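This report concerns only the one structure given below.
The values are calculated or read from the model by the stated rules, or taken from the named source; none is laboratory data. None of these values were measured; they are calculated from a predicted model. Here the Cβ is made from the backbone with ideal geometry for all residues, glycine too, and neighbour counts use every protein chain on show.
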Amino acid sequence: MLRRKQEFNLQFHQLVDGAVLALAFWGAHVLRSYGASRGPLDPISPFNEFRWMLFVTVPFGPLFLELQSFYLHPLEKNFWKSLSQMARAAFWLCLIFGACWMFLHLEVPSRAVLVLFGLLAAALLGIREWITILYLHQRVRSGAMRESVLLAGVALDIEQLKKTFTPDQMMQMNIMGEIDIERQPIGDLVHALHEHSISRVILAGGHSHLNRIQEAIGVCELEGVEAWLLADFIKTSIARPDFDMMGSRAMLVFRTTPEISWALMVKSVIDRVGAAILLLLSSPFFLLAAAGIRLTSPGPIIFRQKRAGKNGKPFTMFKFRTMETDAEMRQAELAAFNQMVGPVFKVARDPRVTPFGRWLRKCSIDELPQLVNVLKGSMSLVGPRPLPIYEVEKFENAAQRRRLSVKPGLTCLWQVSGRNEVKDFREWVRLDLKYIDNWSIWLDLKILLKTIPAVLSGFGAK
């Protein structure tokens, strides 16, 4: 779909689904009340007791559905894909319910109500989506969804553009003609606009034809017809082009990282809430580590070091100290034993590590103070591991710096792929860039879940 229509349809469906979830919640209480009582039915009384769940479900339910791509390409989905997306959204809702119950001590309904709510919500959302698909099919058959579109530009660019149109896009367009602005006079464009009642002109041409393209846009402006300019005349291999405004000036933006979105806001909330919960749950390990470090070696309990954060901005990272206090001064004498290919320094059975520190590393307890960095916002729960400033300064090429384009994290693909089993920094970077290019909330969740057995087994840790 075209972007403006897509945004409007998304917002409309989210409003409808919010109402659908509210109806499912109310229906679950009604059915439970009807089954539990043979007297007069009072569905409002039990519903009022758990009103807080409604205030969570209505805004967050559609949001989590959006994060699972529930609203994208409805005509191309099957039943099982929709069910899978709803199940993943339900998982995140359950996490919020659990957090409210655990930390705010809010009452939750009986299991029967929750099960009925889940079944009703899935059924009603499925019915809503089925009605939407039927409606879209009817509009496709009637031609009501189709806009009269004209393609203009250089012949070769137009042919390449047509090959990129998806079936979903083709269902919304009637291509009424093609104008080669390199060979045809601009009058042919004007004639085509009048003859076919064109509502949109899509322009495709290289930078060498910008004068002709500007002339065509001027014609569309006078005619009151939208002109869409294909912006791939600037070739990129990774960066994704987008449109934004700087004041009143239009800007074409090329991004290689996820743009600001609800998904990133959810990630930030998960980071802060998750870090607070983990700090609370791991407090006994903090006491154990602090006592062990104090009793087994002289020096501070917490090790502080400047690390490279997002875009290379330095921040102070915290760890439990696992080495002797002169460890950094002795690194040069161990350079010959470095087992990593590249600027990163790693030594197996590092003699600077204390016996208690080796145990802390094996269990990954030494990383727990970084939860404070997550709470402060300088780190995330999932992201490329932060490196010391002096190692970042040794990066061999600019591509390696792209791992600095997002917040560093406590765990990452490298962490769950064996950590010290990865010997080449280029492979480490490849895993980090794979994470950045494919980022989603669901990918973060999968990495967090894989981190648990990796930590418990000590997989790859030394």
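Before moving on, here are some points about what is shown:
- Verdict on D180 being modelled with pLDDT of 85 or more and either touching a helix residue (DSSP H, G or I) at 6+ places or on another chain (Cβ under 9 Å) or over 20 Å from V225 (Cβ atoms) (or both): yes
- Applying the condition of being out of contact with any strand residue (DSSP E or B) (no Cβ under 9 Å at 6 or more places or on another chain) and surrounded by fewer than 16 Cβ atoms within 10 Å (Cβ to Cβ) to segment 187-205 and asking which residue is farthest from A152 (Cα to Cα) yields H194.
- Within segment 353-399, being surrounded by fewer than 19 Cβ atoms within 10 Å (Cβ to Cβ), of a type in the set (K, R) and either under 22 Å from V416 (Cα atoms) or modelled with pLDDT under 90 (or both) holds for R358, K362, K394.
- The set of residues from segment 271-315 being of a type in the set (S, T, Y) and either surrounded by 13 or more Cβ atoms within 10 Å (Cβ to Cβ) or not assigned by TED's automatic domain parsing to the domain that holds V372 (or both) comprises S282, S297.
- The set of residues in segment 276-325 being in contact (Cβ under 8 Å) with a residue 24 or more places away in the chain and of a type in the set (D, E, K, R) consists of K306, R307, K310, K319, R321, E324.
- Qualifying residue in segment 331-350 (condition: at pLDDT 90 or above, out of contact with any Phe, Trp or Tyr (no Cβ under 9 Å at 6 or more places or on another chain) and assigned to a loop (DSSP other than H, G, I, E, B)): no
- Within segment 79-113, the set of residues being closer than 13 Å to T57 by Cβ and among the polar types (S, T, N, Q) is empty.
- Some residue of segment 140-149 being at pLDDT below 85, in contact with a strand residue (DSSP E or B) (Cβ under 8 Å, 6 or more places away or on another chain) and at negative phi: yes
- Sole residue being aliphatic (A, V, I, L, M) and either touching a residue at least 60 places away in the same chain (Cβ under 8 Å) or farther than 22 Å from H196 by Cα (or both), chosen from I158, I181, I133, I175: I133
- Elements of type helices (runs of 4 or more DSSP H) contained in segment 108-172, each with 2 or more residues being within 27 Å of the chain's Cα centre (by Cα) and in the same structural domain as H13 (by TED's automatic domain parsing): 111-142
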